[in-house]
Amino acid sequence: MIYRSYRGRKTAALGFGGMRFEFPEDIDKSAQTVLRAFEKGLTYFDTAPGYCGDKSEIIMGTAIKEMKKTGRPFTISTKSQKKNGKELRAQLEESLRRLNVDCIDYYNCWYVLTMEDWESRKTGGAVNAILRARDEGLIRHAVFSTHLQGSDIRKVIDEGFFEGVTLGYSAVNFPFRQEGIAAADEQDMGVVVMNPLGGGIIPQNPDFFDFLKARPEQSILEAALHFLLSDERITVSLVGFRNDEDVDSAVAAVDSFVPYSTEDVSAIRRRVEHDLNAMCTSCMYCKGCPVDIQVWAFMETWNHLKLKGGQPSLLNRLKYHWGVSIADLDACIACGQCENACTQKLPILKRFEELKTALADF
Ligand code: SF4
Ligand code: SF4
């Protein structure tokens with residue numbers, strides 16, 4: 001395992017993302033996967049209310065009971081998206097209870113999406129509630145998680161409330177949040193990266209992402225993680241683990257880490273900036289379209305259009321993988337709601353048109 005320092009605390013560079021448990025209703029089996037990761041040297045465990053049918057915190061809390069018995073250090077991260085200070089406090093107290101801890105190591109002001117949203121976290125009392133809880137010893141580090149653009153992440157960091165940031169970052173969206181990582185580094189903040197595999201796009205398209213490899217023998221998983229591990233500004237890369245096998249393969253990928261040279265990283269950065277516009281990570285935060293368009297289905301299919309070019313199989317992907325039809329897009333009223341909600345700030349309506357044009361002849 002590789003270890004980094006998070007505000008002076010030794011932390012495994014591979015973190016446990018608790019949002020993808022394969023069988024979350026089986027609390028004990030899922031907790032065993034957490035314990036397996038702990039045994040293999042992971043120390044940073046990330047969860048949130050609502051993850052995995054609201055079971056993730058309970059799973060983590062079950063594992064934590066056992067982890068405490070070992071006397072070995074570990075840290076827990078959870079989150080609240082509440083704007084109202086009283087509501088955030090109630091959610092925090094519930095998280096403490098479910099996680100079986102007296103203090104949460106990293107408490108995220110969760111999913112700050114726009115600068116207006118950020119303002120509402122302050123005016124609603126959420127930020128003050130987090131800071132007060134830290135003063136009371138219920139939180140060790142006040143942090144925030146965000147899908148803001150890099151320049152806006154810098155603005156939030158510069159306000160000085162937080163000691164760390166959690167953000168989506170991978171070869172897929174790397175140009176989009178560079179400035180945020182740089183700003184966090186300048187303030188000696190912890191940087192926790194979620195979605196390091198681009199929501200699965202990287203392992204699902206190994207040929208396209210072959211350029212991430214610095215050595216031919218690397219697997220695509222190794223390459224994606226090694227690329228991130230080579231950036232020492234990143235404290236923890238969170239991988240969402242479904243089961244024991246996912247833990248084992250990610251730990252093996254970290255164990256085979258050989259740092260990329262500056263030239264390797266520069267070549268990858270040039271390639272990413274040249275070849276990849278930000279892609280959809282299938283996070284589904286664009287849910288809630290007033291005319292029921294499954295926006296993510298079309299944006300994920302747009303990824304395939306970008307990666308493989310226009311082909312009839314894309315229509316089958318829409319039909320059989322997602323259960324939608326390109327004709328569904330005719331109902332779009334261009335209200336912009338999905339673009340405002342999109343974590344990647346994708347130009348969704350423009351991509352709808354590109355998809356329609358590319359698939360018109362099939
Ligand atoms: S812009 Fe179109 S797809 Fe997006 S939320 Fe509005 S109606 Fe739905
Ligand atoms: S379109 Fe944006 S919000 Fe929707 S799934 Fe893709 S990345 Fe997420």
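The values are calculated or read from the model by the stated rules, or taken from the named source; none is laboratory data. Keep in mind it's a predicted model, so treat the numbers as computed, not measured. Cβ: placed from backbone, ideal geometry, glycine included. Neighbour counts: every protein chain shown. Protein only, heavy atoms only, side chains kept; ligands, DNA and RNA dropped before computing areas. Shrake-Rupley method; radii C 1.70, N 1.55, O 1.52, S 1.80 Å.
Structure values in brief
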| quantity | calculated |
| --- | --- |
| Among the residues listed as V236, V247, the single one being more than 19 Å from Y169 (Cα to Cα) and among the β-branched types (V, I, T) | V247 |
| Some residue of region 136-151 being assigned to a helix (DSSP H, G or I) and farther than 20 Å from G240 by Cβ | yes |
| Enumeration of residues in region 310-322 that are more than 16 Å from ligand 1 (Cβ to nearest atom), free of Cβ contacts under 8 Å to residues at least 40 places away in the same chain and not hydroxyl-bearing (S, T, Y) | N316, R317, K319, H321 |
| Unique match (being within 16 Å of ligand 1 (Cβ to nearest atom), more than 22 Å from G150 (Cα to Cα) and crowded, with 18+ Cβ neighbours inside 10 Å) among A341, A297, A327 | A297 |
| Filter result (under 29 Å from C332 (Cα atoms), open to solvent by 70 Å² or more (accessible area, probe 1.4 Å) and among the hydroxyl-bearing types (S, T, Y)) within region 250-294 | Y285 |
| Some residue of region 288-307 being among the β-branched types (V, I, T), within 15 Å of ligand 2 (Cβ to nearest atom), free of Cβ contacts under 8 Å to residues at least 60 places away in the same chain and in contact with a Lys or Arg (Cβ under 9 Å, 6 or more places away or on another chain) | yes |
| Qualifying helices (runs of 4 or more DSSP H) (wholly inside region 285-362; at least 2 residues being modelled with pLDDT under 90 and under 24 Å from the mean Cα position of the chain (by Cα)) | 295-308 |
